[in-house]
Amino acid sequence: MAKSKVGSAVESLGDYLKEQRVASRLSLRQLAEQAGVSNPYLSQIERGLRKPSAEVLQQIAKALRISAEQLYIRAGILSPEDGVGGSVELAILNDPGLTERQKQSLLDVYSSFLALNGAQPADDD
């Protein structure tokens, strides 16, 4: 069975997280505690079985002292072409006034608009 783009993104995210955790000399249990997630959940993320929310990725990034944006890219939430700093996606993900569900809904709508418009520059209507 072929893996979807999301599945492969999550798998590479898990591999990347494990590499970062090992490089930081943290056990799975230590990182889970520092990130405020359960040990089994973090293990499932590392093995590519779960896709974490942007909020969980931000907590993990903080615990590992790495860029949350890099994790968003690896998780497939952001694409590398989006340009870090000032992107719509980052603004949505970093807005504390939105719930995770609202953030995901906004990202979905934004992505659909981009797809609808193709890669054409926006016209000022």
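The values are calculated or read from the model by the stated rules, or taken from the named source; none is laboratory data. Being a predicted model, the structure only gives us computed values, none of them experimental. Quick reminder, even Gly has a Cβ in these numbers, built from the backbone with ideal geometry, and neighbours come from all protein chains shown. Ligands, DNA and RNA are stripped out before the accessible areas are found, and what is left, the full protein with its side chains, is counted by its heavy atoms. Shrake-Rupley method; radii C 1.70, N 1.55, O 1.52, S 1.80 Å.
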Placing each pseudo-label 7 Å from Cα in the direction of the beta carbon, Ser24 and Ile66 end up separated by a distance in nanometres of 0.8 nm
Per residue, accessible area of region 20-61 with a 1.4 Å probe, heavy atoms of protein chains only, in Å², comes to 56 Å²
